[in-house]
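Throughout, read-outs are computed from the coordinates displayed, never taken from laboratory work. Predicted model, so just to flag it, every value in this text is computed and none were measured. Note: ideal-geometry Cβ built from the backbone for every residue, glycine included; neighbour counts use all protein chains shown.
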Amino acid sequence: GNSVTQMEGPVTLSEEAFLTINCTYTATGYPSLFWYVQYPGEGLQLLLKATKADDKGSNKGFEATYRKETTSFHLEKGSVQVSDSAVYFCALSEFGNEKLTFGTGTRLTIIP
Amino acid sequence: GAVVSQHPSWVICKSGTSVKIECRSLDFQATTMFWYRQFPKQSLMLMATSNEGSKATYEQGVEKDKFLINHASLTLSTLTVTSAHPEDSSFYICSAPEALNNSPLHFGNGTRLTVT
């Protein structure tokens, strides 16, 4: 079956540091890949996505590239801000974006 | 933008009682809604797909009689945890797509259930 493995947290960084949250996947087909973010007290929101190999999703300064050869979709941001503190979920779907398989989530805390 | 409202945000109940969680799409119609469950430090696990006007589709290992799902209208799905036990304590989240294929999934804020 499908599965998503992401970097365990929590992750604590100083403001303006470089961020990487690793995500790898296994899938029987050719999935779409997603990063969702959950800010404190809010529901999950789509941060970015990629639907085919070598696609790069980007949003709010975050980027992730769909790497089929390494089955990875690592999330990166060059300079994090306190407002980026949240829980980040990597996910995949083989049927459009309806049924999602999630990773465990990584809690990110940015300190001033 | 489109919003999914989930209620209650948290609930504490006694063993043996039932708890109903509501999931509403506020400004769009949702023929399908998804119910997820998350244990501490674990992934969100899909429990079931709620289908308006028909029976829900449950994932393997999820007890249908334990987790009753009703999708009575195009904007409301409910999850009832029947005869709750402490092991049912968890975080439950619903989501709904605006339309099939390539539309964003909107998530509720989740419901923290604690069974004492």
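Give the residue, chosen from A:Lys68, A:Lys49, that is buried (at least 19 other Cβ atoms within 10 Å of the Cβ), of a type in the set (D, E, K, R) and farther than 23 Å from B:Phe91 by Cα.
The conditions single out A:Lys49.
Taking only pairs six or more apart or across chains, which ones have beta-carbon atoms under 7 Å, a first residue in the stretch B:62-80 that is more than 16 Å from B:Val4 (Cα to Cα), and a second residue that is surrounded by fewer than 17 Cβ atoms within 10 Å (Cβ to Cβ) and small (Gly, Ala, Ser)?
B:Thr80/B:Ser18
What tally of residues in the stretch B:52-66 results from selecting those that are surrounded by fewer than 20 Cβ atoms within 10 Å (Cβ to Cβ) and touching a strand residue (DSSP E or B) at 6+ places or on another chain (Cβ under 6 Å)?
Qualifying residue count, the stretch B:52-66: 6.
Can you find, within the stretch B:16-30, the residue that is farthest from the other protein chains (Cβ to nearest Cβ) among those that are buried (at least 16 other Cβ atoms within 10 Å of the Cβ) and not in a strand (DSSP E or B)?
Looking at residues that are buried (at least 16 other Cβ atoms within 10 Å of the Cβ) and not in a strand (DSSP E or B), I get B:Phe28.
If A:Phe73 passes every condition in (1) within 14 Å of chain B (Cβ to nearest Cβ); (2) surrounded by 21 or more Cβ atoms within 10 Å (Cβ to Cβ) but one, which one does it miss?
Against the list (1) within 14 Å of chain B (Cβ to nearest Cβ); (2) surrounded by 21 or more Cβ atoms within 10 Å (Cβ to Cβ), A:Phe73 comes up short only on (1).
List the pairs whose first member sits in the stretch B:45-61 and is in contact (Cβ under 8 Å) with a residue 12 or more places away in the chain, whose second member is among the acidic types (Asp, Glu), and whose Cβ atoms are under 7 Å apart, counting only residues at least 6 apart or on separate chains?
B:Leu46/B:Glu59; B:Met47/B:Glu59; B:Ala48/B:Glu59
Keeping to the stretch B:1-15, report how many residues are touching a His at 6+ places or on another chain (Cβ under 9 Å) and not in a loop (DSSP other than H, G, I, E, B).
Summing the residues that are touching a His at 6+ places or on another chain (Cβ under 9 Å) and not in a loop (DSSP other than H, G, I, E, B) in the stretch B:1-15 gives 1.
Among residues belonging to the stretch B:81-116 that are among the hydroxyl-bearing types (Ser, Thr, Tyr) and touching a residue at least 40 places away in the same chain (Cβ under 8 Å), point out the one that is nearest to the other protein chains (Cβ to nearest Cβ).
This residue is B:Ser95.
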